[in-house]
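Here is the structure we will look at.
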Amino acid sequence: MPTEPLSRGRIVAAAIDLIEREGADAVSMRRIAAELGVGVMSLYNHVPSKDALLNGVAETVLSEIEFTDDPDAHWTDRVRVQARAFRQIAHHYPRSTMLVVSRQLHTAAGLLPVERALATLRSAGFDGADAVRMLRMFIAYIVGSLLREVGVTPAFAPVHSRTITADGVDPALFPEVSALAPLLDQCDHEAEFEFGLELFIQAIVAHAGRREGTR
């Protein structure tokens, strides 16, 4: 069976596979060449540098986000859809998703999610400054949730959660930790994400109401 010709797509796919197995720190042009069974120099005909390769990974992951956004829906529902779409892609590419949020992309794939989010907030009546602030806050919330959920740190290393139990905790020093240890020891990631998402949306709704009241 003939080998598939070397292409940018094959190189990026190999990088994604390596990142998901070993983390972004494992990526090098030499390592990717070895994964594909080709010479290192042949990669440069398709990807000019490691930085360009990592940008390609981020763009590929972003391009696979499935937005089922309805422009006629209420803006709060559109925000929910966009946040959930980003969370869903993180389940497919947990380590590569962390790479996405660490890079500034100025390509169509990189800018499309930003454009959609800003357009949604602007259509809700927020001015440019508020829309940008809200977008940044949402990114911070979503990324923080993903870091906990997929078990990846900013250095892309696996995290093994430490169980919090009442055993060994002095209830006199830590009464709340001791009493709530069973709750601290469990986490329904989807329910936690939805809880935080609703808090965020309600806070934005309240902020919009305050602005309306001052006009």
Practice task
Output the number of the condition that Arg95 fails; it satisfies all remaining conditions of (1) of a type outside the set (A, V, I, L, M); (2) outside any helix (DSSP H, G or I); (3) in contact with a Gly (Cβ under 7 Å, 6 or more places away or on another chain).
Solution key: (2)
Problem - Check on Arg87, part of a helix (DSSP H, G or I), touching a residue at least 60 places away in the same chain (Cβ under 8 Å) and not polar (S, T, N, Q) - result: yes
Practice task
Determine, yes or no, whether Ile16 is touching a Leu at 6+ places or on another chain (Cβ under 7 Å) and not assigned by TED's automatic domain parsing to the domain that holds Arg116.
Solution key: no
Completion exercise
Filter segment 48-74 for residues that are modelled with pLDDT of 90 or more and assigned to a loop (DSSP other than H, G, I, E, B); the one that is nearest to Leu121 (Cα to Cα) is His74
Practice task
Check segment 98-116 and report whether any residue there is closer than 30 Å to Gly196 by Cα, surrounded by 15 or more Cβ atoms within 10 Å (Cβ to Cβ), among the hydroxyl-bearing types (Ser, Thr, Tyr) and assigned by TED's automatic domain parsing to the domain that holds Ile201.
Solution key: no
Handout entry: Residue selected from segment 106-139 under the condition touching a helix residue (DSSP H, G or I) at 6+ places or on another chain (Cβ under 6 Å) and among the aliphatic types (A, V, I, L, M), by the criterion nearest to Gln82 (Cα to Cα)
Key = Ala117
Exercise for the section: Tell me which residues, restricted to segment 107-142, are small (Gly, Ala, Ser) and in contact with a His (Cβ under 9 Å, 6 or more places away or on another chain). Expected result: Ala124
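The values are calculated or read from the model by the stated rules, or taken from the named source; none is laboratory data. These numbers were taken from a predicted model, which means no experiment stands behind them. Methodologically, a virtual Cβ is constructed for each residue, glycine included, from the backbone with ideal geometry; neighbour enumeration extends over all protein chains shown.
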